Amino acid sequence: MSNLYVYLICSRNKDNKDIPNFKERAKTILEYKENGDKVIEAFKSFAAKGLPGEQTRLYRSVNSRNEEKIREEFIIRLLRDKPSMTQLNRTLASVAQQVQNRDESKWMFDFDVDDELLMNDFVHEIAMYSEIPLLDIQVYKTPHGYAIIVPHGFDIRGLMEEWKDYDITLKKDELLFLNMITNEVEE
């Protein structure tokens, strides 16, 4: 299992509605988890190039990526599509993001309810329905609630029926919110 992940740095319209002349920007990075400091540097640099007050988000793929599969697919794409040299990073990132090139099969529940007690109830229900030990369920705070990550899939029908009145979405190979920076406003 590799520690290779896809990171996405982006400034989105929905976070920057009030910024005049704002244009969406995004950058994708393929990097090993242990080189997280490189990703943080790129994140800060990207954010600093934004407009004053612009908000920039950082995401990481929930599942690590398989280097061997990425390498093979990348070579095929280079030969088949003949991308220009300036497109190589984008092509590589696009190959890495494909579901078939993941190394894990973790699932993420996007729990868009900003209530810690409800989130804890939901996590306990996940453990009950899935028989996944509580220690193996990861919880991350997000701007609108929580991201809850489980190590593998399970039958979610009963769980989702029970929680149907809440804004909860299952995502099978998505990006996990890590951080958000607001660019300094010049005085």
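If a residue must be part of a loop (DSSP other than H, G, I, E, B) and either over 30 Å from GLU68 (Cα atoms) or aromatic (Phe, Trp, Tyr) (or both), how many such residues does segment 1-28 contain?
From segment 1-28, those part of a loop (DSSP other than H, G, I, E, B) are 1-3, 12, 16-24; that's our starting set.
Next cut, either over 30 Å from GLU68 (Cα atoms) or aromatic (Phe, Trp, Tyr) (or both) only: 12, 16-24.
Number satisfying all stated conditions: 10.
If you go through segment 140-157, how many residues are touching a helix residue (DSSP H, G or I) at 6+ places or on another chain (Cβ under 6 Å) and assigned to a loop (DSSP other than H, G, I, E, B)?
Number satisfying all stated conditions: 2.
Being over 24 Å from ASN183 (Cβ atoms), assigned to a helix (DSSP H, G or I) and in contact (Cβ under 8 Å) with a residue 60 or more places away in the chain narrows it down to one of ALA96, ALA47, so name that one.
Working: ALA47 fails: over 24 Å from ASN183 (Cβ atoms).
The unique qualifying residue is ALA96.
Report, by residue number, each residue of segment 158-176 that is touching a residue at least 60 places away in the same chain (Cβ under 8 Å) and in a strand (DSSP E or B). Before you say what the answer is, go through the steps one by one.
Within segment 158-176, the subset touching a residue at least 60 places away in the same chain (Cβ under 8 Å) is 169-176.
Scanning segment 158-176 gives THR169, LEU170, LYS171, LEU175, LEU176.
All but one of (1) outside any helix (DSSP H, G or I); (2) out of contact with any His (no Cβ under 8 Å at 6 or more places or on another chain); (3) over 22 Å from PRO143 (Cα atoms) hold for GLU72, so report the exception by its number.
Going through the list (1) outside any helix (DSSP H, G or I); (2) out of contact with any His (no Cβ under 8 Å at 6 or more places or on another chain); (3) over 22 Å from PRO143 (Cα atoms), GLU72 breaks only (1).
crowded, with 18+ Cβ neighbours inside 10 Å and either in a helix (DSSP H, G or I) or within 17 Å of the chain's Cα centre (by Cα) (or both), is that true of THR56? Give the derivation first.
Values: crowded, with 18+ Cβ neighbours inside 10 Å: yes; either in a helix (DSSP H, G or I) or within 17 Å of the chain's Cα centre (by Cα) (or both): yes.
When the stated conditions are applied, THR56 passes them.
Restricting to segment 107-128, name every residue that is open to solvent by 40 Å² or more (accessible area, probe 1.4 Å) and either at pLDDT below 95 or not in a helix (DSSP H, G or I) (or both).
ASP112, ASP114, ASP115
Residue check, ASN21 against (1) open to solvent by less than 50 Å² (accessible area, probe 1.4 Å); (2) in contact with a Leu (Cβ under 9 Å, 6 or more places away or on another chain); (3) of a type outside the set (A, V, I, L, M, F, W, C); (4) at positive phi, all met but one. Which one?
So the condition that ASN21 fails would be (1).
When the residues of segment 11-38 are narrowed to those that are touching an Asp or Glu at 6+ places or on another chain (Cβ under 7 Å) and in contact (Cβ under 8 Å) with a residue 40 or more places away in the chain, which ends up farthest from ASN179 (Cα to Cα)?
As a first pass, look at segment 11-38 and keep what is touching an Asp or Glu at 6+ places or on another chain (Cβ under 7 Å): 11-13, 16, 19, 22, 38.
Restricting the remaining residues to those that are in contact (Cβ under 8 Å) with a residue 40 or more places away in the chain gives 11-12.
On the way: SER11: 12, ARG12: 14 Å.
Filtering segment 11-38 for residues that are touching an Asp or Glu at 6+ places or on another chain (Cβ under 7 Å) and in contact (Cβ under 8 Å) with a residue 40 or more places away in the chain, the one farthest from ASN179 (Cα to Cα) comes out as ARG12.
Taking segment 77-106 as the region of interest, how many residues are of a type in the set (A, V, I, L, M), more than 24 Å from the chain's Cα centre (by Cα) and either surrounded by 13 or more Cβ atoms within 10 Å (Cβ to Cβ) or under 23 Å from LYS27 (Cα atoms) (or both)? Lay out the reasoning, then the answer.
We begin by selecting, within segment 77-106, every residue of a type in the set (A, V, I, L, M); these are 78-79, 85, 88, 92-93, 95-96, 99.
Then keep just the ones that are more than 24 Å from the chain's Cα centre (by Cα); that gives 78-79, 85.
Imposing the further condition that a residue be either surrounded by 13 or more Cβ atoms within 10 Å (Cβ to Cβ) or under 23 Å from LYS27 (Cα atoms) (or both) reduces the set to 78, 85.
Here the count works out to 2.
The values are calculated or read from the model by the stated rules, or taken from the named source; none is laboratory data. Bear in mind the structure is a predicted one, so any value in this text is a computation, not a measurement. Note that we place each Cβ from the backbone using ideal geometry, even for glycine, and neighbour counts take in every protein chain shown. Please note that ligands, DNA and RNA were not included when accessible areas were found on the heavy atoms of the full protein model with its side chains. Shrake-Rupley method; radii C 1.70, N 1.55, O 1.52, S 1.80 Å.
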